[in-house]
Amino acid sequence: MPGISAVEAVAAALLVGSLAFILAAVVGILRLPDFYTRLHAVGKCDTAGLALATLALALLSGDLVLALKLAAVWAILAVANPTGTHALARAAGRAGVPVWTADGAARRKSRRDGGPSR
């Protein structure tokens, strides 16, 4: 029975890394105190997890055209994900979603505190 190839081993390591980033995003959603910190955790971790997963799939595909398609999907999502998280955070700030502070009290930012101006 033959062992796995070097490409398969690298792809497996990339998929494990991808799983670790996505798991960190899930832990961030469950453990972080407010909307903004949760959004930050998800925005960073799922973009990195997606990058590793698409790279692993491109390595395993063995087809240049499919690998280029996967790269195109990743490029689109690498732009769309941070843009979407920024839009959500900005909308939440304008809607007055409170910001968690170190003392545990949630407070709303006013214009005087450097909050959003309309």
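The values are calculated or read from the model by the stated rules, or taken from the named source; none is laboratory data. From a predicted model like this one, the values you see are computed outputs, not experimental measurements. Reconstructed Cβ throughout: ideal geometry from the backbone, glycine too, with neighbour counts over all protein chains shown.
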How many residues of region 43-93 are over 18 Å from the mean Cα position of the chain (by Cα) and of a type in the set (S, T, N, Q)? The answer is 1
If we ask which residues in region 1-21 are at pLDDT below 95 and either closer than 11 Å to residue 53 by Cβ or not in a helix (DSSP H, G or I) (or both), their number turns out to be 5
Scanning region 22-39 residue by residue, those of a type outside the set (S, T, N, Q), part of a helix (DSSP H, G or I) and touching a residue at least 40 places away in the same chain (Cβ under 8 Å) turn out to be 35, 36, 39
